[in-house]
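Since the structure comes first, as structure tokens, the remarks are kept for the end.
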Amino acid sequence: AGVILKMLKFPDGSLRVLIQGLRRFRVKDYTSSDPYFKATVEVLEDQTEEDNETAALMKNLRQQFKKLVEHSPIIPQEVQITAMNIKNPGKLADFVATHLNIELHEMQGLIETLAVKERFKKITVLLTRELEVLQIGSKIQSSIKEEMDQKQREFYLREQLKAIKKELGEDGSENQDIEDFREKIKKAKM
């Protein structure tokens, strides 16, 4: 169950909706479908154990999420600050999950997981995968940048060398001098 925060209609007729989730529930029975669906539902609660393992999983998730925010060009820094201040384990897990770039079926699996420890473990796997992808992308960008920087540096140095030779009067005239000497040697039959 959720609240619609924002709805955007696009020129192609598609619709995007931003929804804030409030509670999990399971449909027990559909009571009507016209003009919209109505159902009897069962509200589902998180299964949370407040022990050392949960605390360790929360700490690990926060650290991993911090790394993700640092490497991600699209997640604002404020999101990481918000995550650090969430005390409820289930809400922290859900908050982090909403900022992951994951498939719909993976998100559905997280929503259906009521045991918070299990949800932490699943999210950590997905978060680690996304971090690896971002780090590999970052390495690729760095190597491309280094290669481009090297080529630009070589071009710049060649242009500087040309300018220095021109300034010294060595802008190709030494080749002409060599040709002149060869011609003189040939005429003198040396």
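Amide H contacts under 5 Å for A39: T31, restricted to partners 5 or more places along the chain or on a different chain, H placed in the peptide plane at 1.01 Å from N. If the cut-off is a Cα-Cα distance under 23 Å, which lysines reach K87, setting aside same-chain residues fewer than 8 apart in sequence? Filter leaves K59, K66, K67, K117, K121, K122. Helix 52-71 and the longest principal axis of the Cα set of the chain meet at an angle near 40°. A cut-off of 5 Å between modelled amide H atoms, ignoring neighbours fewer than 5 places along the same chain, links A115 with Q47.
Here the chain is treated as an ellipsoid with the same Cα gyration tensor; its semi-axes, largest first and in whole Å, are 67, 22, 14.
For Y156, the solvent-accessible surface computed with a 1.4 Å probe is close to 130 Å², ligands and nucleic acids excluded. Working note: Karplus 6.51/-1.76/1.60 with θ = phi - 60° gives the stretch 117-127 the couplings 4, 5, 5, 4, 5, 5, 5, 4, 4, 5, 5 Hz, where Gly and Pro are set to x.
Could you work out the local net charge near K187, counting Lys and Arg as +1, Asp and Glu as -1, over the other residues with Cβ closer than 14 Å to its Cβ? Display every interim value, and only then the final one.
Values: positive: R182, K184, K186, K189; negative: E179, D180, E183.
Net charge in that neighbourhood comes out at +1.
Close amide-amide hydrogen proximity is noted between R24 and L44, each under 5 Å apart and 5 or more residues distant or on a separate chain (H modeled in the peptide plane; Pro and chain starts excluded). Rounded to the nearest 500, the 222 nm mean residue ellipticity of the chain from helices alone is -20500 deg cm²/dmol, with -39,500 (n - 2.57) taken per DSSP H run of at least 4 residues. Classify the stretch 22-80 as rounded, prolate or oblate, taking a ≥ b ≥ c as the square roots of the eigenvalues of its Cα gyration tensor: rounded when a/c is under 1.5, otherwise prolate if a/b is larger than b/c and oblate if not. Taking the square roots of the gyration eigenvalues as a ≥ b ≥ c, the stretch 22-80 is oblate.
The values are calculated or read from the model by the stated rules, or taken from the named source; none is laboratory data. Because the structure is a prediction, the values reported are computed rather than measured. Ideal geometry is used to build each Cβ from the backbone, glycine not excepted, and the neighbour counts take in all protein chains shown. With ligands, DNA and RNA removed, areas are computed over all heavy atoms of the protein, side chains included. Shrake-Rupley method; radii C 1.70, N 1.55, O 1.52, S 1.80 Å.
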